Amino acid sequence: MTWLVYTWLLERWESFAENFQPLRDSLDILVVAWCVYWLLMRIKGTRAAQMALGLLVLVLAWRLSDLLELATVSFLLDNFLSSGLLILIVIFQADVRRALTRVGRGLFAPARMHQAHAIEEIVRACQALAQRRVGALIAIERELQTDEFVEDGTVLDAELSRDLLISLFLPYSPLHDGAVVVRRGRVFSAGCILPLATRGDLPSAFGTRHRAAIGLTEETDALVVVVSEESGRIALVASGEIRPDLDGPRLRQALLELTGGEPSVETPTDKDVVADPARALET
C-alpha cells in the first residue's frame, strides 16, 4: 500500500513538473539574469571591474587561439584558465568577502546600527573643522573590522564626542595626520594609516585623504568622512564612490541612510549645528 502511494505521488509530481517546465525555465533565466546584474552593479567602478575585464580578454584570447590553432598559446591559456574558480576567488577575495557579508547581513542580521548620537557628534565635528579648514579623515566601521587594512594608529577606545574629534585633528595634535577609526559608536583608534586607492581614473585634485578614503572603502564596508583642509569641503566615501560637497544636513542624512540609523528626537536644528562648531574651535 505504501509503495502504491509513493508511486502515485511520484507520477503526480512528474506530471506537475512537465506541465510547469516553461515556468521553471523562465524562473531559471530570471534568477541568473538578476545574479549577473547584481554582480555587475557591485563591481562597477571598482578594481574588480578592471580585473574582470582583463579576465574576459584572456578568455577571448583563449578562444581565438583555438580557432587559429595556435598550439602553444592555447596550451598556456588552457592551463591557466583550468583553475578559473580558484583564480577568481584569489583575485576577488576582498570583493567576495564583502558581497557575502552584505548578503548575510541582509538575510540573518536585519538589526540596523542605531547610532544617531555618534553620527550627530561626527557631523558637528566635521562642520567645525570644515569651517576652519582643518583636514580630517574619519572611518566609520560597519560589519567588517578594518584591522587588516589599517596600519599603526593609537588605540583609544574612548567615548565619541565632537570635542574629542576636533582635538584629534587640530594641527598641534600628534595624531592629526592619520585617520580616526570609529567602531561601535566609540573612537577606537587615531593616527591610523589607511591604504591608498590605486585606481587610475581618480581626479588629480584628490589628495592623500581622499585616496585613502577610497582605498579603505574598496576593501571594506566602512564609511569614511573626509574634510579637505584646502577647500574646507566635506565628502563621504562608501564602496569606493565619493559624495562630494556635503553640508551638515546632507552628511547627516547620508550617514543615517547608509548605517540604517534613525534620527534622534534630540537632533538639533541646522542653525544650532552651524553656530556651535565655531564656538568649539575658538578655544
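The single condition from (1) in a helix (DSSP H, G or I); (2) at pLDDT below 85 that A130 fails is (2).
Among the residues here, G260 qualifies as at pLDDT below 90 and either surrounded by fewer than 21 Cβ atoms within 10 Å (Cβ to Cβ) or at negative phi (or both). Is segment 40-52 home to any residue that is at pLDDT below 80 and over 30 Å from E241 (Cβ atoms)? No, every residue in segment 40-52 fails to be at pLDDT below 80 and over 30 Å from E241 (Cβ atoms).
Only residues that are over 20 Å from L165 (Cα atoms) and touching a residue at least 24 places away in the same chain (Cβ under 8 Å) were counted in segment 218-252, giving 8. Look at (1) surrounded by fewer than 23 Cβ atoms within 10 Å (Cβ to Cβ); (2) in contact (Cβ under 8 Å) with a residue 40 or more places away in the chain; (3) touching a Leu at 6+ places or on another chain (Cβ under 6 Å); (4) within 18 Å of R243 (Cβ to Cβ) and you find that V123 fails only one, number (1). Please specify each residue of segment 181-221 satisfying the condition of being of a type in the set (S, T, N, Q) and closer than 18 Å to A125 by Cα. The answer is S189, and nothing else.
Only one of the listed residues (L144, L156) is at pLDDT below 85 and more than 26 Å from R233 (Cα to Cα). That residue is L144.
When S189, S204, S167 are checked against the criterion of being among the polar types (S, T, N, Q) and in a helix (DSSP H, G or I), a single residue qualifies: S167.
Taking the condition out of contact with any Cys (no Cβ under 7 Å at 6 or more places or on another chain) and more than 18 Å from V123 (Cα to Cα), does A158 pass? No. Here A111 clears all of (1) at pLDDT below 75; (2) under 18 Å from the mean Cα position of the chain (by Cα); (3) not in a helix (DSSP H, G or I) except the condition numbered (2).
The values are calculated or read from the model by the stated rules, or taken from the named source; none is laboratory data. The structure presented is a predicted model; accordingly, all values stated were derived computationally and were not measured. Counting neighbours? That spans all protein chains shown, and the Cβs are built from the backbone with ideal geometry, glycine included.
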